[in-house]
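Okay, structure first, notes after.
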Amino acid sequence: MTKEELREFFTDLGEKPFRADQVFSWLHVKKCTSFDEMTNLSKALREKLQDLAEIPHLEIADLQVSRLDGTRKYLLSLSDGNVIESVLMRYKFGNSVCVSSQVGCRMGCRFCASTIGGIVRNLTASEILDEVYMIERDTGESVTHVVVMGSGEPFDNYDEVVRFIRLLNDPDGHNLSRRNVTVSTCGLPDRIRAFADEDVSSELALSLHAPDDETRKKLMPIAEKYPLSEVLEACDYYFEKTGRRITYEYACVKDVNSDVRSAEKLGRLLHGRNALVNLIPVNNVAERNYEKPESEALAAFQNALAKYGINATIRREMGADIQGACGQLRRSFLKNGRKGAMTE
């Protein structure tokens, strides 16, 4: 609940509205998981809340920790028995958490393990929020950046994702800067435009992955419905409304979209836009047969983009020694019917 909803809730209970502010602080500042922890509430009120409400919180079903860079990949159990993934990545600029927004995904991107098996359900805003809070509770460290780029298409769960961001940004709660929240979408034009008109103004990343419609259709079924021209127009609208530079995610697949000719086509496509291209060596997924290009090919791709004035980075692979790619740990869990050994 937002603070306003909490105030209405407590007013309806015959309580003073300030109780909402106390509870909001317990939930979003102290990250408590039970009403018993709320010691500045009377015992009678705590018991009433236990009867009327719940504080959803996730449990760790599995955890893998990279010995290379300390990346922590969590498999988290939901109250209904479903499992999702979250990843903590430590950088010099702070701790970044990649959260899931759905159990599974319906988008069907062919290089992503999250889509295998389709979608089960949307996550609630509180479940997405507790991915962040659970990691903070587990590590004792603050999360400074959040990326909605785990399992699921955020804009396929639009209302809950927007509510999650508002709660995360609340100055009386976690108070995470809007600039430190990034939402990644495969490209739903209407939702991109709607998001531009919200008052959250988060960073936006588009899963582009191809310089033309023909190649994109081979990788992303959503391209059959929305041509690149329509998607990019929506991204341009987002930039105009918010002033936020768009990041274009580009999964580089050997012999598919990572040659210099593809880079030149991409350069012409994005030329003149305030854009950052994030080149991502594709992850190896057992059910897929895609391979990442050699480092020399990635460097040549990056250099070709630079000739068109396009700033491009090559994503540093985090958690390379664990199942770090979206959906891999959950897929392994479901396949084996049990959790793997937790590794620290």
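Things worth noting here:
- Kirkwood Rh in Å, taken over all unlike Cα pairs in the chain: 21.2 Å
- Relative contact order (percent, whole number), the chain, Cα cutoff 8 Å, 6+ residue spacing: 16 percent
- Angstrom value of the Kirkwood radius, inverse mean 1/r, which spans all Cα pairs in the stretch 3-52: 10.9 Å
- Dipole of the chain [Lys/Arg +1, Asp/Glu -1 at C-beta], most positive-end residue of SER151, ALA275, VAL23: ALA275
- DSSP beta bridge pairing in the chain, given as percent antiparallel to the nearest 5: 45 percent
- Cβ-placed point charges (K, R +1; D, E -1), dipole of the stretch 3-52 about Cα centre in debye, nearest 20: 220 debye
- Pairwise FRET efficiency - VAL29 versus LEU52, Cβ, R0 = 35 Å, nearest 0.05: 0.95
- Against the chain, whose longest principal axis is taken from its Cα atoms, helix 125-139 shows a tilt of about 90°.
- C-alpha long axis of helix 18-28 to longest principal axis of the chain, angle in °: 40 degrees
- Considering only THR139, GLY187, VAL161, the residue lying farthest towards the positive end of the dipole of the stretch 128-189 is GLY187, judged by Cα position with unit charges set on Cβ.
- On Cα atoms only, tilt of 3-12 relative to the major axis of the chain in degrees: 30 degrees
- Per-selection Kirkwood Rh - the stretch 158-204 (Cα, Å, 1 d.p.): 11.0 Å
- Placing unit charges on the Cβ atoms only, positive for Lys and Arg and negative for Asp and Glu, gives the stretch 126-218 a dipole magnitude near 280 debye about its Cα centre.
- Around the Cα centre of the chain, unit charges on the Cβ atoms of Lys, Arg, Asp and Glu (plus for the first two, minus for the last two) sum to a dipole of about 800 debye.
We did not get these values from a lab; they are worked out from the coordinates using the rules stated. All values derive from a computational prediction rather than experimental measurement. With ideal geometry, Cβ positions are generated from the backbone for all residues, glycine too; neighbour counts draw on all protein chains shown.
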